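Heads up: the structure comes next, in structure tokens.
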Amino acid sequence: MDPITLDEQARAILSANDRGGYTVPTAGLYPYQWNWDSAFAAWGFATFDVARAWAEVETLFSGQWPDGMVPHILFHKDDPGYYPGPDVWGTEGHGPIPSSGISQPPVAASFVRAIWEADRDAGTARARALFPKLVAWHRWFMDWRTERGAVCITHPWEAGRDNAPDWDGALAGSDPVGVGEYTRRDTTHVDAAMRPTKYDYDRYIWLVQQGRRLGWDQAALRRENPFRVADPTMTFILMRAHRDLIWMGQALGEDVREIEGWVETLTAGAATLWNPEIAAYDAYDTRAGKFAGCVSSASFLCWYGGVDDHRMLDQIARVWDAVTFPVPSHDPASDKFDAKRYWRGPTWGMINALIGIGLAAHGHVSHAERLRASTAELMAKHGFAEYFDPLTGAPAGGGTFTWTAAVWLAWASPQAGRD
Ligand code: DGY
């Protein structure tokens with residue numbers, strides 16, 4: 001298909017998913033503003049409407065809690081087609097707008113940098129206004145989510161990789177007793193075989209109930225929540241985001257020493273996620289003191305985080321050779337690999353973009369280009385789906401997906417400017 005046509009289609013998806021100041025990930029399945037989806041949307045908007053890109057991030061930060069946390073969902077308007085909504089989260093009194101009680105991978109600072117680079121003069125006042133908000137959010141992660149310098153999640157939804165096998169061990173440690181009856185909505189929009197199982201969903205809802213019971217008090221959650229897993233997604237993404245925030249701070253004449261200290265902490269923390277048994281960066285269950293034993297697409301975010309680990313080049317070569325369309329979200333050699341089920345195998349364009357940016361930044365240019373070209377082929381052949389079967393390329397999950405379209409515009413398209 002003509003790449004110009006694809007650019008137009010991608011822009012049309014962003015516009016169609018625009019709800020005025022924020023973009024939904026896709027109509028129906030995800031009817032609110034999701035944190036990292038929105039940051040990717042802003043990156044996509046920056047390629048054709050930079051004012052709209054700034055607005056996207058500003059709306060996201062309008063939901064920031066006084067303690068610095070930026071929630072993973074902002075419920076701007078009620079939508080009965082989604083579960084669990086604001087009444088289930090029970091976060092009243094915490095933030096300025098109804099929201100969930102957890103966060104999501106902090107890609108925003110890196111995309112704010114990209115937006116500002118596309119709008120260097122006119123955007124300075126907006127970058128200046130966002131800078132302290134980004135610092136406060138990053139500080140919240142450092143205060144409440146780090147263990148041995150690696151960044152932890154308190155819910156699988158916080159990593160954004162909901163049903164990754166990385167969490168299986170830690171979820172098995174929570175018994176969803178008393179979770180009660182509830183009606184899922186996701187499986188009314190999308191084939192249940194492409195979504196988390198009921199076993200997983202019971203535990204997701206139970207963990208939301210735990211957070212609510214603890215009043216979303218971070219000290220209590222750190223002490224009592226049974227689920228606290230150090231996550232390569234969070235750790236590498238925050239490392240990168242800290243560096244982009246340093247770049248912004250220096251350009252704005254701000255003191256960035258505190259952020260530099262955070263980079264050092266996370267660099268040491270990332271090293272603790274190396275699991276010698278699988279020769280890869282891995283998730284680590286801090287409650288049980290155990291690695292998950294999973295090579296995931298998040299393992300390959302090391303370069304994005306700033307860790308040029310040649311051992312991971314061997315891993316990526318192995319995983320690439322096992323599929324047609326890399327990078328699968330879970331190791332195809334594992335018995336837990338499931339080519340269609342969300343984060344247990346499918347390839348996600350937005351993770352590919354982050355991996356590709358990291359590879360290119362460390363001079364692994366042919367790897368980066370191969371990944372970009374194969375991601376572009378997926379989107380050109382199968383459209384802007386939520387995710388793709390890595391064996392056949394078949395589209396899966398929701399269609400006309402915001403972050404897939406944004407990634408096309410900002411990274412995968414042959415016309416996209418890359419650095
Ligand atoms: C869902 O509803 O499945 C989302 O992934 C939660 O963030």
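The values are calculated or read from the model by the stated rules, or taken from the named source; none is laboratory data. Predicted model, so just to flag it, every value in this text is computed and none were measured. All Cβ positions, glycine included, derive from the backbone under ideal geometry; neighbour counts span all protein chains shown. Ligands, DNA and RNA are excluded from the accessible area calculation, which covers all protein heavy atoms including side chains. Shrake-Rupley method; radii C 1.70, N 1.55, O 1.52, S 1.80 Å.
Of GLY345, GLY21, GLY398, which has the largest mean-square fluctuation in a 10 Å C-alpha GNM of the chain?
GLY21
Roughly what would the spin-label model give for ASP143 and ARG223, points 7 Å off Cα along C-beta, in nm?
Going by the 7 Å Cα→Cβ label model, 1.7 nm.
Please compute the length gained on full extension between LEU252 and ALA288, using 0.36 nm multiplied by the number of residues separating them and subtracting their Cα-Cα distance. Mind dumping the intermediate values first?
On the way: separation 36, 0.36 × 36 = 12.96 nm, distance 4.32 nm.
Working it through step by step, the gained length comes to 8.6 nm.
Show me, for the stretch 60-69, the HN-Hα J-couplings you get by feeding each phi into the Karplus relation (A = 6.51, B = -1.76, C = 1.60, θ = phi - 60°), rounded to Hz, glycine and proline as x.
4, 6, 5, x, 5, 6, x, 7, x, 5
Multiply the residue gap between ALA268 and ALA192 by 0.36 nm, knock off their C-alpha separation, and tell me the result in nm, one decimal place. Write out the running numbers ahead of the final one.
Values: separation 76, 0.36 × 76 = 27.36 nm, distance 3.98 nm.
Going from the current span to full extension adds 23.4 nm.
Just in the stretch 112-142: which trypsin sites (Lys or Arg not before Pro) are loop by DSSP and have at most 13 other Cβ atoms within 10 Å?
Counting only loop positions with at most 13 other Cβ atoms within 10 Å, the trypsin sites (Lys or Arg not before Pro) in the stretch 112-142 are ARG120.
Using all C-alpha to C-alpha distances in the chain, build P(r) with 10 Å bins and read off the rounded percent in each one.
5, 24, 36, 28, 7, 0
Given springs between every Cα pair under 10 Å in a Gaussian network model of the chain, which of GLY95, GLY289, GLY149 has the largest fluctuation?
Comparing GLY95, GLY289, GLY149 in the GNM, the peak value goes to GLY289.
Please find the FRET efficiency linking ASP335 to TYR83, where r is the Cβ-Cβ separation and R0 is fixed at 30 Å, and quote it to the nearest 0.05. Let's see the in-between values first.
Details: r = 31 Å, r/R0 = 1.02.
In this case the efficiency is close to 0.45.
So which GluC sites (Glu not before Pro) in the stretch 96-183 pass both tests, a DSSP loop state and at most 14 other Cβ atoms within 10 Å of the Cβ? Don't skip to the end; give the middle numbers.
On the way: sites: GLU117, GLU147, GLU158, GLU181; in loops: GLU181.
Here the GluC sites (Glu not before Pro) that fit, given the DSSP loop and packing criteria, are GLU181.
If N is the number of residues in the stretch 239-303, what value comes out of its Cα radius of gyration divided by 2.2 N^0.38 Å?
Values: Rg = 14.9 Å, N = 65, 2.2 N^0.38 = 10.7 Å.
It is 1.38.
Relative contact order for the stretch 233-389: what is it in percent, counting Cα pairs under 8 Å that are at least 6 residues apart? Walk me through the numbers on the way to the answer.
Working: 207 pairs, mean separation 27.7, N = 157.
Relative CO of the stretch 233-389 lands at 18 percent.
What accessible area per residue, rounded to a whole number of Å², is obtained for the stretch 296-337 using a probe radius of 1.4 Å? Don't skip to the answer; put the middle values down first.
On the way: 1460 Å² over 42 residues.
Using a 1.4 Å probe on heavy atoms only, each residue of the stretch 296-337 averages 35 Å².
I want the local charge near ASP231. Using Cβ-Cβ distances under 11 Å, sum +1 for each Lys or Arg and -1 for each Asp or Glu among the other residues.
Working: positive: ARG145, ARG161, ARG228; negative: GLU147, GLU158, ASP166, ASP282, ASP285.
Taking every other residue near ASP231 into account, the sum is -2.
Check cross-link reach from LYS381 to the lysines: straight Cα distance under 26 Å, and skip same-chain residues fewer than eight apart.
Result set, ordered by chain and number: LYS340.
Tell me, what HN-Hα J-couplings in whole Hz come from the Karplus equation 6.51 cos²θ - 1.76 cosθ + 1.60 at θ = phi - 60° for each residue of the stretch 89-101, using x for Gly and Pro?
Values, residue by residue: 5, x, 9, 3, x, 8, x, x, 9, x, 7, 6, x Hz.
Report, to the nearest whole %, how much of the accessible area of the chain belongs to carbon and sulfur atoms, 1.4 Å probe, protein only.
Values: 7400 of 14500 Å².
Its accessible area is 51 percent carbon and sulfur atoms.
Return one whole number: the accessible area per residue of the stretch 118-250 in Å², for a 1.4 Å probe.
Values: 4820 Å² over 133 residues.
It amounts to 36 Å² per residue over the stretch 118-250.
Per the helix-only calculation at 222 nm, which mean residue ellipticity applies to the chain, given -39500 (n - 2.57) for every DSSP H run of n ≥ 4 and division by its residues, nearest 500 deg cm²/dmol?
On the way: 18 runs with 197 residues, N = 419.
Computed mean residue ellipticity for the chain: -14000 deg cm²/dmol.
In Å, what Kirkwood hydrodynamic radius results for the stretch 4-102 from the alpha-carbon pair distances?
Details: mean 1/r = 0.0720 Å⁻¹.
Evaluated on the stretch 4-102, it is 13.9 Å.
Using Cα pairs closer than 8 Å and at least 6 residues apart in sequence, work out the relative contact order for the stretch 14-140, in percent. Can you show the working numbers first?
Working: 201 pairs, mean separation 33.3, N = 127.
Contact order relative to length: 26 percent.
Normalised by the residues of the chain, what does the relative contact order come to in percent, with Cα pairs under 8 Å and at least six apart? Let's see the in-between values first.
Values: 809 pairs, mean separation 76.0, N = 419.
Averaging sequence separation for qualifying contacts and normalising by length gives 18 percent for the chain.
Cα to Cα, under 18 Å, and not fewer than 8 places away if on the same chain: which lysines meet these conditions relative to LYS133?
Hits, sequence-local ones excluded: zero.
Which of these, VAL323, VAL177, VAL50, has the largest mean-square fluctuation under a Gaussian network model of the chain (Cα springs below 10 Å)?
In this elastic network of the chain, the residue with the biggest mean-square fluctuation among VAL323, VAL177, VAL50 is VAL177.
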